[in-house]
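Read through the structure below, which is laid out as structure tokens, and then see the notes.
Computed from the coordinates by the stated procedures, all read-outs in this text should not be read as laboratory data. Owing to the predicted nature of the structure, the values given are computational and were not obtained by experimental measurement. All Cβ positions, even for glycine, are placed from backbone atoms using ideal geometry, and neighbour counts span all protein chains on display.
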């Protein structure tokens with residue numbers, strides 16, 4: 001099968017879509033003819049994969065036009081196109097799909113309109129409220145309209161969680177028969193040249209520094225924990241628009257010596273810091289399905305996370321991790337303290353997380369569903 005994979009992020013860039021593209025191509029290229037169309041200025045060669053690189057310079061309409069032309073060319077003779085998001089990749093792809101009558105599979109991992117509105121503080125609404133009544137100006141409302149158009153015209157939509165599937169069907173009026181859940185997958189281990197050495201009372205979080213990731217709440221939890229654990233330490237891996245305000249919060253709480261901001265670092269470096277830490281924390285108010293939790297399962301580190309849709313499809317309270325309610329630093333500190341004081345609980349959570357990872361969150365499970373989707377959309381007449 002000849003497949004065109006369209007993505008907005010590509011190695012060596014850091015981010016979930018880039019890593020997914022790399023891992024997926026490594027597993028598909030022996031059985032399929034793969035061409036990747038990606039926004040990249042310094043694309044990393046991947047074995048057995050053809051790369052069509054689209055320069056990221058220029059204003060948005062020019063970038064989208066260049067991507068459209070690259071997908072048009074790459075899709076000659078292709079059986080299907082697989083896009084990694086609805087906007088930067090999905091919009092050019094859906095136009096090619098319509099004009100060429102090509103099957104088009106969309107991987108939809110999050111609502112980009114809501115994320116943009118939240119990041120720029122144009123809305124205070126949670127995703128569920130936003131989808132009922134979008135706000136944030138005409139640009140945001142246009143993004144909502146474009147996402148809906150792309151979702152409704154995809155031959156098949158793939159989501160990483162039951163929660164997100166439900167929201168797509170309800171909010172964007174997508175035919176339920178066209179939306180399938182395929183859970184994220186992750187490697188069991190990541191090779192690292194570093195020798196891990198556990199640092200007692202060290203906490204790590206890895207996330208884009210945006211409002212809905214709740215990193216400020218973790219910092220406030222550290223301030224509480226500091227009263228009982230003088231050696232407590234927080235590692236923050238990631239960058240984003242909230243970096244300056246989080247540094248300022250750290251100064252205000254007199255935690256400068258307790259919190260280390262790493263910025264964007266490589267997957268190998270992140271793995272090293274994760275393996276050195278005693279607890280992983282994800283304090284989001286919104287997730288599709290958190291890949292970073294799966295990576296923590298692989299690293300055999302106990303997880304504390306928020307009890308929100310998406311996350312609670314992988315973190316089962318007191319089985320694979322500990323759950324807290326969003327925006328509750330005191331509760332977060334209490335759960336972290338439990339893990340500091342109860343190594344046996346941490347071992348149980350780690351063992352259960354590893355078992356879950358080897359099952360429905362494994363690459364074989366992901367590929368089985370993905371290949372089934374590919375075969376289905378190619379076999380049936382163009383929609």
Angle in degrees between helix 363-379 and the longest Cα principal axis of the chain, rounded to the nearest 10: 20 degrees
Estimated Rh, the stretch 101-183: Kirkwood, alpha-carbon pairs, angstrom: 13.0 Å
Principal-axis tilt of helix 267-276 within the chain, Cα atoms, nearest 10 degrees: 20 degrees
Max mean-square fluctuation residue, GNM over the chain, Cα-Cα springs under 10 Å, options 195, 205, 311: 195
Centroid-to-centroid separation of the stretch 232-258 and the stretch 269-310 [C-alpha atoms, Å]: 18 Å
Over the chain, relative contact order from alpha-carbon pairs under 8 Å, at least 6 apart, %: 14 percent
Estimated 222 nm signal from helices in the chain, with DSSP H stretches of n ≥ 4 weighted -39500 (n - 2.57), rounded to 500: -13500 deg cm²/dmol
Top of 98, 81, 301 by mean-square fluctuation, Gaussian network on the chain, Cα under 10 Å: 98
The chain: most fluctuating residue of 285, 123, 35 per GNM, C-alpha cutoff 10 Å: 123
Packing-based order for 316-329, 130-143, using average beta carbon neighbours within 10 Å, highest first: 316-329, 130-143
Between helix 90-100 and the chain: long-axis angle, C-alpha atoms, 0 to 90°, nearest 10: 20 degrees
Extension gain from residue 230 to residue 248, taking 0.36 nm per residue of separation minus the Cα-Cα distance: 4.4 nm
Stokes-Einstein translational diffusion, the stretch 202-358 - Kirkwood Rh over all Cα pairs, 1.002 mPa s, 20 °C, in µm²/s: 141 µm²/s
Part-to-part distance (alpha-carbon centres) for the stretch 111-153 and the stretch 321-377, which is given in Å: 28 Å
